[in-house]
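Novice: Here it is: the structure, laid out below.
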Amino acid sequence: MRSSAPSRGLTQVDAFFVAYQERMGILMQMGAEIELRGTLQLGDLTQIVERLVTRWPQLGQRIRRRLFGLEWSGEPAVGRMVSQGADRREIVAWRDTPIDPFTAPPFQVLFVPGRSHTDLAFRAHHAVVDGESFSYLSAEALLALAAVRGGGHSGPWPDALSHRIGWRSISHVSRQLRWPRRDVRVAPSARLWVHAASAGGIRVVERAVTGEDFDAVKTRSARSRTALPWICAAAWVRAIHRWNRAHGESLEPRISLEVPVSLRRHRQRGYAVGNYLSPLVVLGDAVQPLEVIADSLWRQLRSAVRHGVHLRMPILTAPARHLPWGLFRRWAINTATTGVATSHFTWLPQPDLAEEVRERSRGALELERQQIYTPVCLHMGATLCVVAWHDRLQLLVSHRETAVRSDEAETLGDLLAAELAGSIVRQPVGVS
């Protein structure tokens, strides 16, 4: 019997992330882990997921091999998209369990109920969402849950990404392991010192920039006339260089960052799933002052976008989506696809989410904590995501345990915080 849900072919970029996980063993999934004050029921989550797959069926479908290329196919498996845990430690184990998109839905939710609190986690395979769309989908799902919990109706899903996402945003969660860039020439840059370039579990080190420190960073940004995201990116450049020098790995001061540029138009219909971000690599000289690095990074990206450099990869590689899967896997994964840059940098503006959750739930739910993790490229070892709230910055360093041990990642987080604002001290909360 033929499925009533429509099938949808994967682009060459979507398929790349499937091939990368299969061949390299690196987890190609991103996630958001949330602590809520208040309670939820399994039925609440199931209701929201059912509405999600009505709008975007591929979130609950599985990949099927075609003669040429791959497609999302079959009825959405809602029952396998939602699961309930007994202990919050299950969330960390769940984070390290790979999603096989050939056998399981690519978008999943896990919740651990408590007497007065709920731990909630969203995760998705990179083949079905990029960082921009994952941020949108997980936030909208959380707000829909809040509306249901508050006794109201969450309303229909919008046709496009909401106002939270601008078409040129340098946004979440994301972080992209990128497609073959044989046309890209990147100047030599340092590698992040790591123990090993091998598969392993993902852990997150968190630092917070709050209060006077947050005000000082904003003032520094304003005085230098450099946008806050680039101040943070420059701090990451300098922190990586200090990390490398401390380990005697490399005195090379040039640090390259891969940042995503959105290919979506504002409010463009039908593009809330799939990969529609293109990578650009920018280079920073880590011995320069922070403001000088930040300005250089911004000018590089602005020039590249102006000249359409970000369009080369998706246009030139588009025909590869029609290759037979076996040939695609061999062709797609090579030294040009597994980490051109030193690291990845992601900026995620999320100023009003906590307030919206409180309002929509009529006080029944409160967002106490949100932590985001991203895939970590085989040769990079660690990535940075900065979540910008209205009153603070949340610095999230995702790292593979095989590359950087947890205690060492603490040091890397301290170096980043010190570069951004010298008065920041270690805040152990949020390390997992």
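The values are calculated or read from the model by the stated rules, or taken from the named source; none is laboratory data. Since the structure is predicted, the reported quantities are computational estimates derived from the model, not experimental observations. Glycine also receives a Cβ, built like all others from the backbone with ideal geometry; neighbour counts cover every protein chain displayed.
Novice: Suppose we filter 239, 216, 233 for residues that are on the phi < 0 side of the Ramachandran plot and either without any contact (Cβ under 8 Å) to a residue 24 or more places away in the chain or out of contact with any Leu (no Cβ under 9 Å at 6 or more places or on another chain) (or both); which single one remains?
Specialist: After ruling out the rest, the residue left standing is 216.
Novice: Here is a further query. Could you tell me how many of the residues in the range 167-213 are modelled with pLDDT under 90, among the hydrophobic types (A, V, I, L, M, F, W, C) and in contact with a helix residue (DSSP H, G or I) (Cβ under 8 Å, 6 or more places away or on another chain)?
Specialist: Total meeting the criteria: 5.
Novice: Restricting attention to the range 344-358, and to residues there that are part of a loop (DSSP other than H, G, I, E, B) and surrounded by fewer than 15 Cβ atoms within 10 Å (Cβ to Cβ), which single residue is modelled with the lowest pLDDT?
Specialist: By that ranking, first place goes to 351.
Novice: Shifting gears a bit: Could you say which residue among 11, 39 is under 30 Å from residue 114 (Cβ atoms), surrounded by 15 or more Cβ atoms within 10 Å (Cβ to Cβ) and not small (Gly, Ala, Ser)?
Specialist: Residue meeting the stated conditions: 39.
Novice: Restricted to the range 49-82, and to residues that are of a type in the set (S, T, N, Q) and over 22 Å from the mean Cα position of the chain (by Cα), which residue is modelled with the lowest pLDDT?
Specialist: Only one residue fits best here, namely 54.
Novice: Go through the range 77-154 and tell me which strands (runs of 3 or more DSSP E), entirely inside it, have 2 or more residues that are touching a residue at least 12 places away in the same chain (Cβ under 8 Å) and out of contact with any strand residue (DSSP E or B) (no Cβ under 9 Å at 6 or more places or on another chain).
Specialist: Ranges flagged: none.
Novice: Please determine, by comparing only the residues of the range 34-48 that are of a type outside the set (Val, Ile, Thr) and assigned to a helix (DSSP H, G or I), which one is nearest to the chain's Cα centre (by Cα).
Specialist: Of everything passing the filter in the range 34-48, 45 is nearest to the chain's Cα centre (by Cα).
Novice: Restricting to the range 63-76, count the residues that are outside any loop (DSSP other than H, G, I, E, B) and closer than 18 Å to residue 137 by Cβ.
Specialist: 1
Novice: Regarding the range 157-164, can at least one residue be identified that is modelled with pLDDT of 90 or more, of a type in the set (A, V, I, L, M) and outside any loop (DSSP other than H, G, I, E, B)?
Specialist: No: the range 157-164 contains no residue that is modelled with pLDDT of 90 or more, of a type in the set (A, V, I, L, M) and outside any loop (DSSP other than H, G, I, E, B).
Novice: For a quick check of your reading: which helices (runs of 4 or more DSSP H) sit entirely within the range 233-343 and have at least 2 residues that are acidic (Asp, Glu) and either surrounded by fewer than 24 Cβ atoms within 10 Å (Cβ to Cβ) or modelled with pLDDT of 95 or more (or both)?
Specialist: Ranges flagged: 290-306.
Novice: Going by what's in this entry, would residue 384 be described as out of contact with any Asp or Glu (no Cβ under 9 Å at 6 or more places or on another chain), assigned to a loop (DSSP other than H, G, I, E, B) and either basic (Lys, Arg) or touching a residue at least 60 places away in the same chain (Cβ under 8 Å) (or both)?
Specialist: When the stated conditions are applied, residue 384 does not pass them.
Novice: Please work out if residue 367 is part of a strand (DSSP E or B), at pLDDT 95 or above, on the phi < 0 side of the Ramachandran plot and surrounded by fewer than 24 Cβ atoms within 10 Å (Cβ to Cβ).
Specialist: When the stated conditions are applied, residue 367 passes them.
Novice: Select from the range 211-230 the residues that are polar (S, T, N, Q) and crowded, with 16+ Cβ neighbours inside 10 Å and list them in ascending order.
Specialist: Hits for the range 211-230 are 221, 224, 226.
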